[in-house]
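Colleague: Can you keep this structure in mind? I'll have questions shortly.
The values are calculated or read from the model by the stated rules, or taken from the named source; none is laboratory data. Source: prediction; values computed, not measured. We place every Cβ from the backbone using ideal geometry, glycine too, and count neighbours over all the protein chains shown. Areas reflect the complete protein model, heavy atoms only, side chains present, ligands, DNA and RNA absent. Shrake-Rupley method; radii C 1.70, N 1.55, O 1.52, S 1.80 Å.
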Amino acid sequence: MTDTPTRRAVLGAGVFAAGSLFAIEYGAAEGPLPPTPACHDGGEATQQQTEGPYFKTSSPERFELYEEGMSGQPIELAGLVLSRACKPLAGALLDFWQADSKGQYDNSGFRLRGHQFTDAEGRYRLRSVVPGVYPGRTRHIHVKVQPSGGRVLTTQLYFPGESKNRSDGLFRKELLVRTAKNAGWIAGRFDFVID
Ligand SMILES: [Fe+2]
């Protein structure tokens with residue numbers, strides 16, 4: 001087969017190449033993941049959480065934080081940014097940062113840091129690895145979400161089935177990502193509801 005640029009681009013997606021386009025629609029082998037949390041008109045906005053000590057401004061614009069050969073469990077996290085009335089918000093900014101699989105943040109560079117904007121349907125997706133634990137904390141991904149012209153929501157996302165969720169005082173079950181296993185990677189789903 002000829003190695004066309006298109007084919008190279010697809011192969012470049014590496015571990016996620018098999019079947020992954022948008023986890024929100026195609027991610028789980030058994031079908032789409034149900035949204036979490038379910039949005040209902042008049043319902044609660046996504047909870048705020050502390051930013052912690054490792055946020056850095058000026059992260060690169062990218063949804064792919066995973067790098068070839070990076071250790072850890074690859075994950076594609078996807079979902080929507082919604083208003084309190086459950087309307088998808090296009091052009092909302094999401095800025096993600098997290099520890100690597102060993103629990104280390106990159107504080108000199110921008111490894112495992114990146115920002116992106118929701119598409120016309122209010123969707124985002126993030127390709128990364130499941131973060132490692134560090135003293136006092138269970139696994140978590142930090143994020144700031146800001147609708148166009150709106151206020152910033154700073155929060156953290158958590159993973160189901162983690163024993164350290166119980167001992168981490170910041171953990172909230174409302175901030176759990178819904179996950180499904182795939183061939184070599186995990187599909188995750190989380191929808192943000194913004195005031
Ligand atoms: Fe953290």
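Colleague: Taking all protein chains together and a probe of 1.4 Å, list Tyr54, Tyr105, Tyr124 from the most accessible to the least accessible.
Modeller: Tyr54, Tyr105, Tyr124
Colleague: Next question, about the same structure. Residues of the range 67-124: accessible area per residue at 1.4 Å, in Å²?
Modeller: Spelled out: the 1.4 Å probe surface of the range 67-124, per residue, equals 41 Å².
Colleague: Treating the beta-carbon of each Lys and Arg as +1 and of each Asp and Glu as -1, no other charges, what is the dipole magnitude of the range 61-193 about its Cα centre, to the nearest 20 debye?
Modeller: Dipole of the range 61-193, to the nearest 20 debye: 480 debye.
Colleague: Order 55-63, 89-97 from most to least packed using the mean count of other Cβ atoms within 10 Å.
Modeller: 89-97, 55-63
Colleague: Next up: How about Lys87: which lysines have a C-alpha closer than 25 Å to its C-alpha, ignoring those fewer than 8 places off in the same chain?
Modeller: Excluding near neighbours in sequence, the set is Lys144, Lys173.
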